[in-house]
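Shown next, in structure tokens, is the structure this report addresses.
The values are calculated or read from the model by the stated rules, or taken from the named source; none is laboratory data. Only a predicted model underlies this, so the values are computations on that prediction, with no experimental measurement involved. A quick note on method: Cβ atoms are made from the backbone with ideal geometry, for glycine too, and the neighbour counts reach across all protein chains shown. Remember, those area values only see protein heavy atoms, side chains included, never the ligands or the DNA or RNA. Shrake-Rupley method; radii C 1.70, N 1.55, O 1.52, S 1.80 Å.
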There are 2 protein chains.
Amino acid sequence: MSNKITKVLTNNIKFNNVNITDRFFGYYQNLIINEVIPYQWKVLNDELEDVVKSSAIKNFKIAAKEAKGNFYGFVFQDSDVYKWLEAVAYSLHLKQNKELEKCADEVIELIGRAQQDDGYLHTYFIIERPDMKFKDLWECHELYCAGHFFEAATAYYNATGKVKVIEIAKKLADCIYNNFGYEDGKIKGYDGHEEVELGLMALYSVTKEERYLHLAKFFIDERGQSPHFFEVEWEARGKTSYWSGWKQCESPNASKEFISFIGAEYNQTHKPVRKQDEAVGHAVRVVYMLCGMIDVAKESGDDSLLEACQKLWDNIVNKKMYITGAIGSTHVGEAFTGNYDLPNDSLYGETCASIGLAMAAKRMLNTEINSKYSDIIEKEIYNGIISGIAMDGKSFFYVNPLEVYPKNHTNPVLEQVKIERQKWYPCACCPPNISRFLLNIGDYIYSTNNDTVYIHQYIANNSNFNIGDSYISLEIDCDLLKSQEIRIKLNFSDLSDNKVALRLPSWSKGYLINISDDKAKCRVIDGYIYLDNISQKKIVIDLTLKAELILMKADRRVRYDAGKAAITYGPIVYCAEEIDNGSMLYNLFIKDSKSFKREPFMHKDLELFKVTINGYKEIDDDDSLYHENNVQLENKEIILVPYHYWGNRGLGEMQVWVRVK
Amino acid sequence: MSNKITKVLTNNIKFNNVNITDRFFGYYQNLIINEVIPYQWKVLNDELEDVVKSSAIKNFKIAAKEAKGNFYGFVFQDSDVYKWLEAVAYSLHLKQNKELEKCADEVIELIGRAQQDDGYLHTYFIIERPDMKFKDLWECHELYCAGHFFEAATAYYNATGKVKVIEIAKKLADCIYNNFGYEDGKIKGYDGHEEVELGLMALYSVTKEERYLHLAKFFIDERGQSPHFFEVEWEARGKTSYWSGWKQCESPNASKEFISFIGAEYNQTHKPVRKQDEAVGHAVRVVYMLCGMIDVAKESGDDSLLEACQKLWDNIVNKKMYITGAIGSTHVGEAFTGNYDLPNDSLYGETCASIGLAMAAKRMLNTEINSKYSDIIEKEIYNGIISGIAMDGKSFFYVNPLEVYPKNHTNPVLEQVKIERQKWYPCACCPPNISRFLLNIGDYIYSTNNDTVYIHQYIANNSNFNIGDSYISLEIDCDLLKSQEIRIKLNFSDLSDNKVALRLPSWSKGYLINISDDKAKCRVIDGYIYLDNISQKKIVIDLTLKAELILMKADRRVRYDAGKAAITYGPIVYCAEEIDNGSMLYNLFIKDSKSFKREPFMHKDLELFKVTINGYKEIDDDDSLYHENNVQLENKEIILVPYHYWGNRGLGEMQVWVRVK
């Protein structure tokens, strides 16, 4: 293992060691536990009349020969069940629920009965085309689904300690291992949609089976090699595609045509992953790939792979990410476009992609302690991810725009941008992804190595875990939206050379720290306040961060944001909504940010904060389409609300980037 | 004939009575005569190696059984020949060319030989599917091509007096008349792409055959009636499409699917034309339809039809037109979108659509003398249309954007926007359309009724024509780009109650008029200065208009132009280019328009004018994607050049709407 990696190596403290007490995230977790998981269960079982048919559970029953019928849905329909199961796992840690656990156990049993003797598991092929297993990896999502199952299985095992789900997962992983690899007779290929790599690494984390690490590394190493695997398998299939869930595949030549149309960049197979230094193609695939790459790089001490990860990471967050954390600038291929191309209205900004970026950030952080990673997690959890779910948990965004004009939403380039959250989606990747992510937020707060506990997120919780040979209990008391005062109580079982590191968020204009232990010393490295020389087993740290209202500008190369600013306060990105400011938000502009008000408001029983700032509205009543400039300015207080909150009060305009004088 | 129409009825003075002497348009006409027509002839004959194959002439030879092979090209390939022929007709009036005339005569003979005994003429169906004639009107462009032939035939006859071309046209028109109409056994339908209506009206103008008027009216009246003709013919065909030139038609259900996908709005068949009050669907089709509607309304004195025309016109120019005269906000269906949806970068703005709008404006003007129509003609001829052709006549725009950023042209929504003019297009509608339009500019200058000559455009020329019983010779001496002094010399054969009306352009901040005839009186109505009480047979009018640099604003509902202005001087819309101002034009803004310089510059031997205006450049060297607002302003002289001129000095950014302080 190289120095480069070992010097920064940490591991996450997993969700099952952390009890969230946070007001804000607690709200969302309760919402998901009480509303979304039961709702989702009904969707999976086709029990809701006004929601698109899922058939996901029925597909498993048919595969297990316990029901009759045809497979229904997208080829990745199974993953909806797995993501539900993963969310259930986290929820059982947060809140015991015997009935739900029994239901999950039964689903696991059903999955086990659907699984084939050789371990194979994918209901479409089991039901419809058993002859075609592993023969159309390009878009058939067999390994993608497996990856989600591995994540779910690991989570369920960690939450409940039950091994049945791990047995099924291992049987499936072994089936994949037996079918893929360098050895003669095995398939030298990979899935069109990355996910199995990070899934295998999750399974590896609990099973410690080296072959799963090797298999994940194999998939990563093979990706983008010549000859192009998807052309090889297409030739081998007799130049046809089998899965007709994609319209493009209906004609025999479609996959070939589609590959050349959309390019190998679409699924990151245009070059070997180590040579990829720009994030291209389908955004979710890129970040899932990145997660797998980081996991493998870290576990195998692979410097060249980690370097590629760093390049991809840097490219995404420095050149291709919206200020809300959204990624993917176009719906065409749900993809990244060029550097600095960040249109605010016609983007994709898929919720799943934001989730994937947070997942990648957590992993990067485990290879290098630097707040540049934990800042992105914070950005995602307060903005880009939670904008995907309504405050009542009953509707969801797939695409997360930064500008919406419902009255002027006629251009086909905006077709994929829904102006309101939708009850469900035929391609239902995002809603269950939000559920599993937000219930797993405990996973994002801490990491440790031999002697240091790193506090990455100021989310109120209490937790207990080992660090080196000592045992630690830790309590964070804060309410970051309300104030930036954070109290951290630590209790070490014994006094070795333990250190504590606290993230200093990029938005903080300074900090004040009070430590009950007079001997403890502070130093700041890479955005973290390190406390060492700790002389007491019990210490209390009072950290006060300094939030201000900040007018953020985008890089001069982002043409869509020229002359505009995005307003932030602490981790929150704000936006203007029509309901507060009237229509034609683009005719407003901010005067200055010197005087502003920040006031609480209630959404049902949740306290949030709005900002009022001085500005102008351009008044021009001339109804002729083009006319001489005769714009009058009117003083106007501009009201801004948190971005994640937009669209919770009915249909209306929304704009993140507001013009500045 | 109703009062409403008759009170304003005028007729154009045709190109063959007008000799253009204008410096600016003379430049373009010479370019087309000397460069484009010969180039186009080579294209039509596949004589250029680096240009997309056309096969258009060969198709006629195959249809005439004088060559072997298959039809090649789009289903409307014939129209490329017809537009070339039409351009040749105008060119022969402007500049005699025996060789070219002989060539055109031979093409006409060839067309005649390709024509079937029953008058049918469309090389695709003659060559490939004679059994399917007039059975797939939805997208097969049979009548569209006929319409272009009628326009060409009328022009060629007007230019040369030769009747052969009119004989072929009449035979074709009669064939259509025999196949379409209300009578039993005839097809009660119309073409998917409007054009035959205006073409028939052109043919009617020289033949005075009432049945052509009736046929045009039939097509217009039937459009959008129930049952939907394209579904009827699809059922009649056995639910298949035959033309495979459109990808959508490859599967048997495609036309049905495509109709429902793209909607009946695409070809303006969603409701009867008299009920259409918003321009929707394919922009070129809308304006060609509008031309036919106006022609029919005027000739048949149909008030309800004219009202529909006025509504469509108003909707286009007041809610859906760019300041350059471009129309069509999206490449999806090459179509209009909603009111005020005018994105500057991802539009369509097809050159053909601007031409069609100018054609419609000329026709509207003949039903109502009002400068609101002639202003649009002026806007198009100085901006939206001529931007379509390079100053050397060797390359063309199909799409005419108002903003281009070559270094950041990565988003698929911009795919159709070419950042440089192209040598030719596989779908080659625009280049020949520019040729025929600009050579026919003489048609747009004057109209008359019994006692008045209307001067619509200040394009230098001399002309001779009848007005009532008198004969008039008229000379306009001006160079509108250079100065706004216009000298008009009129010579009436006798003194009846003749009047002269001169357009007062909307950009003119006042005017000064000097008439050599002291007794003549002036009054202004609807944007025209009317001179009456003329007491001398020879008069000289000196009209001085007052141009200023104007910062034009868009209606407050056009969100893409918020905070920006477009600079105009006289009829010219200006733009900023990277070559003059450096990159990132969106970081420039205009301080004020009080002090500015307007200076001549030479492009080869053509004098044009640029504008220099005070402004600022925002300087922000922070390379982080998002950072605190720390923008510095630098004084900057912003150089603006005429919009039509952009892209003539190499690849670079361009922006029409510039930010204003």
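Yes/no per residue for (1) touching a residue at least 60 places away in the same chain (Cβ under 8 Å); (2) open to solvent by less than 50 Å² (accessible area, probe 1.4 Å):
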position: A:Ala67; (1), (2): no, yes
position: A:Asp80; (1), (2): yes, yes
position: A:Glu86; (1), (2): yes, yes
position: A:Leu110; (1), (2): no, yes
position: A:Arg129; (1), (2): yes, no
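Can you tell me which residue within segment A:114-127, out of those that are under 25 Å from A:Tyr39 (Cα atoms) and not in a loop (DSSP other than H, G, I, E, B), is most open to solvent (accessible area, probe 1.4 Å)?
Here the answer is A:Tyr124.
Return the residues of segment B:190-214 that are surrounded by fewer than 23 Cβ atoms within 10 Å (Cβ to Cβ) and more than 23 Å from the chain's Cα centre (by Cα); say none if nothing qualifies.
Hits for segment B:190-214 are B:Thr207, B:Lys208, B:Glu209, B:Glu210, B:Arg211, B:His214.
Hey, could you check segment A:281-336 for residues that are among the β-branched types (Val, Ile, Thr), under 16 Å from the mean Cα position of the chain (by Cα) and open to solvent by less than 10 Å² (accessible area, probe 1.4 Å) and say which is nearest to the other protein chains (Cβ to nearest Cβ)?
Per the stated criteria, the residue is A:Ile323.
Would you mind stating whether A:Phe601 is under 33 Å from the mean Cα position of the chain (by Cα), in a strand (DSSP E or B) and crowded, with 18+ Cβ neighbours inside 10 Å?
no
Taking the residues in segment B:604-620 that are within 32 Å of the chain's Cα centre (by Cα) and closer than 20 Å to B:Ala547 by Cα as candidates, determine which candidate is surrounded by the most Cβ atoms within 10 Å (Cβ to Cβ).
B:Ile613
Going through segment B:344-353 one residue at a time, which ones are closer than 28 Å to B:Phe609 by Cβ and either open to solvent by 10 Å² or more (accessible area, probe 1.4 Å) or part of a loop (DSSP other than H, G, I, E, B) (or both)?
B:Asn344, B:Asp345, B:Leu347, B:Gly349
Just checking, does segment A:599-613 include any residue being within 14 Å of another protein chain (Cβ to nearest Cβ) and out of contact with any strand residue (DSSP E or B) (no Cβ under 8 Å at 6 or more places or on another chain)?
Within segment A:599-613, none of the residues are within 14 Å of another protein chain (Cβ to nearest Cβ) and out of contact with any strand residue (DSSP E or B) (no Cβ under 8 Å at 6 or more places or on another chain).
Before we move on, is A:Lys53 under 20 Å from A:Lys162 (Cβ atoms), open to solvent by 20 Å² or more (accessible area, probe 1.4 Å) and charged (D, E, K, R)?
Against the criterion (under 20 Å from A:Lys162 (Cβ atoms), open to solvent by 20 Å² or more (accessible area, probe 1.4 Å) and charged (D, E, K, R)), A:Lys53 does not qualify.
Any residue that is in contact with a Phe, Trp or Tyr (Cβ under 9 Å, 6 or more places away or on another chain), open to solvent by 10 Å² or more (accessible area, probe 1.4 Å) and β-branched (Val, Ile, Thr) - is there at least one of those in segment B:19-30?
So far as segment B:19-30 goes, no, none of its residues is in contact with a Phe, Trp or Tyr (Cβ under 9 Å, 6 or more places away or on another chain), open to solvent by 10 Å² or more (accessible area, probe 1.4 Å) and β-branched (Val, Ile, Thr).
If a residue must be closer than 12 Å to A:Ile127 by Cβ and not in a helix (DSSP H, G or I), how many such residues does segment A:28-65 contain?
Here the count works out to 3.
Going by what's in this entry, would A:Ile579 be described as open to solvent by 20 Å² or more (accessible area, probe 1.4 Å), in contact (Cβ under 8 Å) with a residue 12 or more places away in the chain and not in a loop (DSSP other than H, G, I, E, B)?
It is true that A:Ile579 is open to solvent by 20 Å² or more (accessible area, probe 1.4 Å), in contact (Cβ under 8 Å) with a residue 12 or more places away in the chain and not in a loop (DSSP other than H, G, I, E, B).
Would you check which residues across segment B:354-403 are open to solvent by less than 10 Å² (accessible area, probe 1.4 Å) and over 17 Å from the mean Cα position of the chain (by Cα) and list them?
B:Thr367, B:Met391, B:Gly393, B:Leu402
Which of the following residues is in a strand (DSSP E or B), over 26 Å from B:Thr21 (Cα atoms) and within 14 Å of chain A (Cβ to nearest Cβ): B:Lys553, B:Lys509?
The unique qualifying residue is B:Lys553.
If I filter segment B:377-398 for residues that are under 30 Å from B:Ile525 (Cα atoms), away from every other protein chain (no Cβ under 14 Å) and of a type in the set (Lys, Arg), do I get at least one hit?
no
One line per residue, one yes/no per condition, for (1) part of a loop (DSSP other than H, G, I, E, B); (2) within 14 Å of another protein chain (Cβ to nearest Cβ); (3) in contact with a strand residue (DSSP E or B) (Cβ under 9 Å, 6 or more places away or on another chain):
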{"residue": "A:Leu474", "(1), (2), (3)": "no, no, yes"}
{"residue": "A:Leu490", "(1), (2), (3)": "no, no, yes"}
{"residue": "A:Ser496", "(1), (2), (3)": "yes, no, yes"}
{"residue": "A:Ala501", "(1), (2), (3)": "no, no, yes"}
{"residue": "A:Asn514", "(1), (2), (3)": "no, no, yes"}
{"residue": "A:Asp518", "(1), (2), (3)": "yes, no, no"}
{"residue": "A:Leu531", "(1), (2), (3)": "no, no, yes"}
{"residue": "A:Val540", "(1), (2), (3)": "no, no, yes"}
{"residue": "A:Leu543", "(1), (2), (3)": "no, no, yes"}
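Which of the residues spanning segment B:359-385 are closer than 15 Å to B:Asn12 by Cβ, not in a helix (DSSP H, G or I) and not charged (D, E, K, R)?
B:Asn366, B:Thr367, B:Ile369, listed by residue number.
Those residues that are open to solvent by 40 Å² or more (accessible area, probe 1.4 Å) and more than 21 Å from B:Gln484 (Cα to Cα), I need them from segment B:526-544; list them, please.
Result: B:Asn533, B:Ser535, B:Gln536, B:Lys537, B:Lys538.
Residue by residue through segment B:561-576, note down the ones that are over 25 Å from the mean Cα position of the chain (by Cα) and not in a strand (DSSP E or B).
B:Ala562, B:Gly563
Among (1) open to solvent by less than 50 Å² (accessible area, probe 1.4 Å); (2) within 14 Å of chain A (Cβ to nearest Cβ); (3) over 28 Å from B:Asp22 (Cα atoms), there is one condition B:Lys591 misses while meeting the rest; what is its number?
Condition (1) is where B:Lys591 drops out.
Within segment B:638-648, can one find any residue that is in contact with a Phe, Trp or Tyr (Cβ under 9 Å, 6 or more places away or on another chain), in contact (Cβ under 8 Å) with a residue 24 or more places away in the chain, assigned to a loop (DSSP other than H, G, I, E, B) and under 22 Å from B:Asp392 (Cβ atoms)?
yes
Does segment A:423-438 contain any residue that is crowded, with 19+ Cβ neighbours inside 10 Å, free of Cβ contacts under 8 Å to residues at least 60 places away in the same chain and not β-branched (Val, Ile, Thr)?
no
Of everything in segment B:618-635, what is within 14 Å of chain A (Cβ to nearest Cβ) and in a strand (DSSP E or B)? Give them in sequence order.
B:Glu618, B:Ile619, B:Tyr626, B:His627, B:Glu628, B:Gln632, B:Leu633, B:Glu634
Against the condition farther than 30 Å from A:Tyr446 by Cβ, more than 11 Å from chain B (Cβ to nearest Cβ), touching a residue at least 12 places away in the same chain (Cβ under 8 Å) and not aromatic (Phe, Trp, Tyr), how does A:Lys418 come out, does it pass?
Yes, satisfied.
Name the residues in segment A:479-506 that are of a type in the set (D, E, K, R) and surrounded by 20 or more Cβ atoms within 10 Å (Cβ to Cβ), would you?
A:Arg503, the sole residue that qualifies.
Do we find that B:Gly647 is more than 14 Å from chain A (Cβ to nearest Cβ), crowded, with 16+ Cβ neighbours inside 10 Å, out of contact with any Cys (no Cβ under 7 Å at 6 or more places or on another chain) and small (Gly, Ala, Ser) in this structure?
So B:Gly647 passes the test.
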